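Participant: Here it is, the structure in full.
We did not get these values from a lab; they are worked out from the coordinates using the rules stated. Just so you know, these numbers come straight off a predicted model, no measurement behind them. Here the Cβ positions follow ideal geometry from the backbone for every residue, glycine too, while neighbour counts run over all protein chains shown.
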Amino acid sequence: MASAAQLAAYCLSLPGARSDFKWGGVQVFSIAGNKMFALLDLHGSGNLAFKVDDDLFLGYCDRPGMRPAPYLARAHWISLTPPYQASADELQQLLRRSHQLVVQRLPKIRRIGLLLDEDQHQ
């Protein structure tokens, strides 16, 4: 099982990722200044939230320990409460995919500016 510190370190290792604290102790991971891809509540419940593929959202919500993220479910975000019912590897894959989903929605010029344009790496 991954700790909050390990999850935060992994999020920050993703290309262009930054973090700041909002809403009374929630660590927000974002790219391009304000495009969130993950949230980690460090001073409250320890919940982890992130975006998932639209077509997989309901399937994740049916899994034990996963539920629609409050206020963000309409954007297909899920929330996990510790102890997380997913392996460290699966959590990393989910966080990486959340990051990719947000990157894909950025205008191409912003992706290039962040060196995140997938077309250049193929």
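Participant: Karplus couplings for the range 44-57 from phi (6.51 cos²θ - 1.76 cosθ + 1.60, θ = phi - 60°), rounded to Hz, Gly and Pro as x?
Facilitator: The phi angles translate into x, 7, x, 4, 10, 10, 6, 7, 10, 4, 3, 6, 9, 3 Hz.
Participant: How far is helix 88-104 tilted, in degrees, relative to the longest principal axis of the Cα atoms in the chain, given as a value from 0 to 90 rounded to the nearest 10?
Facilitator: Approximately 40 degrees, to the nearest ten.
Participant: If you don't mind, another one. Quick one: helix 4-13 against the long Cα principal axis of the chain, what's the angle to the nearest 10°, folded into 0 to 90?
Facilitator: 10 degrees
Participant: Using Cβ contacts closer than 10 Å as the measure, can you line up S30, S98, S87 from fewest to most?
Facilitator: Listed from fewest to most nearby Cβ atoms, that is S87, S30, S98.
Participant: Continuing with this model, one more query. Let me check against my output: what whole-number percent is the relative contact order of the range 4-121, with C-alpha pairs under 8 Å and at least 6 apart?
Facilitator: Once divided by the residue count of the range 4-121, the mean separation gives 22 percent.
Participant: I'd like the FRET efficiency for D53 and Q85, computed as 1/(1 + (r/R0)^6) with the beta carbon distance as r and R0 of 22 Å, rounded to 0.05.
Facilitator: Given R0 = 22 Å and the Cβ-Cβ separation, E is 0.70.
Participant: What lysines does K22 reach when the alpha-carbon gap must be under 23 Å and sequence neighbours fewer than 8 apart in one chain are set aside?
Facilitator: Straight-line reach from K22, under 23 Å: K35, K51.
Participant: How large is the helix-only mean residue ellipticity at 222 nm for the chain, computed as the sum of -39500 (n - 2.57) over DSSP H runs with n ≥ 4, divided by its residue count, in deg cm²/dmol to the nearest 500?
Facilitator: -9000 deg cm²/dmol
Participant: Hey, another quick one. GNM, the chain, Cα, under 10 Å: largest mean-square fluctuation among L39, L48, L12?
Facilitator: Answer for the Gaussian network model of the chain: L12.
Participant: Using the Karplus curve 6.51 cos²θ - 1.76 cosθ + 1.60 with θ = phi - 60°, work out ³J(HN,Hα) for each residue of the range 30-40 in order, rounded to whole Hz, and write x for Gly and Pro.
Facilitator: Ordered by residue, 3J(HN,Hα) equals 9, 10, 6, x, 9, 9, 5, 10, 7, 9, 9 Hz.
Participant: Can you give the Kirkwood hydrodynamic radius of the range 4-121 from its Cα pairs, in Å with one decimal?
Facilitator: Final number for the Kirkwood radius of the range 4-121 is 14.5 Å.
Participant: Could you give each residue of the range 61-70 its phi-based ³J(HN,Hα) in whole Hz, using Karplus coefficients 6.51, -1.76, 1.60 with θ = phi - 60°, and x for Gly or Pro?
Facilitator: Using θ = phi - 60°, the values come out as 5, 7, 7, x, x, 10, 8, x, 6, x Hz.
Participant: Say we join alpha carbon atoms closer than 10 Å with springs in a Gaussian network model of the chain; which of F37, F50, F21 then has the biggest fluctuation?
Facilitator: F21
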